[in-house]
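> Sending over a structure as structure tokens; questions will come in a sec.
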């Protein structure tokens, strides 16, 4: 009996001890919850404030604020093409008389001026042309005098009509021969007025017909150049233009005078401006495209490009001005788009509220906001940093 009483006393003591520890544990848990609640941002939900950023965090994260602003949005037609020059600015140099290339000092890419010597040809046949010209020139002076004399005698019936006609024929034939040889010398770049017996040439200099750059050289020193063979190509880049191609479905949208924004493949992504100058009305039967001729708005930048350089372009067929935000101010989550607007602008920290927006046109840098009436005109939006805050 005494042993049972002692066992009950031990049981009551053990039960009391367990109850004490349970009470102490519950009390501590309650205190911890109170402590956690005190550390949460105040009135986040009640005041509509979803995110709070300190001044230090704002600066260190390179965040920025923007307001709704009017931006231009373009309806575009995409095109590809290359740079080119007008046909009159591209010259294939050839010769009227064949010869051996004796002098050639040019290199592809070298800039030249009109009248500059390109290369020198040598051929013994050049001597023959000059000889015949000088002979015709000497004969012409005598025949002209004889023709005048025979004409005067025929008028007075002193000489026969036959002698007069022969004199007239010889003078006319020699005059024609003289003029034809004179033209040949001019084509050979030899001045007929300065040609004398003592300065007959075996070489002729081929000169540049236009200013420009040598793009191709097809001859070598010592080779024989035929009149049918092109010697080199010269391109004048002063009137560089765009040759673009669009699909035929876009023809009705493109018109003369529309703005063109284009970029090259140099890796810089820099954009340049041009305008539509001509629209070809013929469809290329192979690829179903139409050629567009564009002119640079700033001719001074033509030296930055070379003929044949590939480019990508956008033709602005229509432009509308809309209220918009930078694209990095809008975050998309589950097909819904959100922005962060600043609340309590006078507070020490930056406090933001998440709001859903409806969007329209999208450009490379901006996005149109349709529900602008939901925001005050002076409200500030978080631009850089919105994605990190909302995603977190």
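Read-outs throughout are calculated quantities, based only on the coordinates presented, and are distinct from any laboratory measurement. In this text the structure is predicted, and so the values were computed from the model without any measurement. Virtual Cβ from ideal backbone geometry, glycine too; neighbours counted across all protein chains shown.
> For q = 0.10, 0.22, 0.24 Å⁻¹, what log10 I(q)/I(0) does the range 180-259 give under the Debye formula with an equal point scatterer on each alpha carbon and no solvent?
Log-scaled intensity ratios, in q order: -0.52, -1.16, -1.22.
> Based only on other Cβ atoms within 10 Å, what is the fewest-to-most ordering of 240, 82?
Details: 240 23, 82 16.
Ordered from fewest to most neighbouring Cβ atoms within 10 Å, 240, 82 come out as 82, 240.
> Contour minus end-to-end for residue 388 and residue 132, with contour as 0.36 nm per residue of separation and end-to-end as the Cα-Cα distance?
Values: separation 256, 0.36 × 256 = 92.16 nm, distance 9.04 nm.
Length gained between residue 388 and residue 132: 83.1 nm.
> Looking at the range 95-157 from every direction and averaging, what is the projected area of its Cα convex hull in nm²? Please report the intermediate quantities before stating the final value.
On the way: hull surface 28.9 nm².
Computing the convex hull of the Cα atoms and averaging its projections yields 7.2 nm².
> Please give the contour-minus-distance gain from residue 286 to residue 72: 0.36 nm per residue of separation, less the Cα-Cα distance, rounded to one decimal in nm.
Roughly 73.4 nm would be gained on extension.
> Ok, one more. Taking Cα centroids, how far is the range 316-392 from the range 122-141 in Å?
Here the answer is 86 Å between Cα centres.
> How are the alpha carbon pair distances in the range 325-392 distributed across 5 Å bins from zero to the largest one, expressed in percent?
Result returned by the calculation: 3, 16, 29, 27, 16, 6, 2, 0.
> To the nearest 0.05, how large is the calculated FRET efficiency for residue 80 and residue 189 if R₀ is 25 Å and r is the Cβ-Cβ distance? Show your work: numbers first, answer last.
Values: r = 43 Å, r/R0 = 1.73.
Efficiency, rounded to the nearest 0.05: 0.05.
> With all distinct Cα pairs included, what does the Kirkwood hydrodynamic radius of the range 93-235 come out to in Å, to one decimal, could you say? Mind showing how you got there, number by number?
Values: mean 1/r = 0.0566 Å⁻¹.
This gives a value of 17.7 Å.
> If the chain between residue 319 and residue 176 were fully stretched, how many nm would it gain, using 0.36 nm times the residue separation less the Cα-Cα distance?
Working: separation 143, 0.36 × 143 = 51.48 nm, distance 6.71 nm.
My answer for the length gained is 44.8 nm.
> State whether the range 47-120 is rounded, prolate or oblate according to the following rule on the C-alpha gyration tensor (a ≥ b ≥ c being the square roots of its eigenvalues): a/c under 1.5 gives rounded; otherwise a/b larger than b/c gives prolate, and the remaining case gives oblate.
On the way: a/c = 6.61, a/b = 3.25, b/c = 2.03.
Prolate, since a/c reaches 1.5 and a/b exceeds b/c.
> Show log10 I(q)/I(0) for the range 246-334 at q = 0.18, 0.19 Å⁻¹, two decimals, from a solvent-free Debye sum over equal Cα scatterers.
Listed by q, the Debye log ratios stand at -0.95, -1.00.
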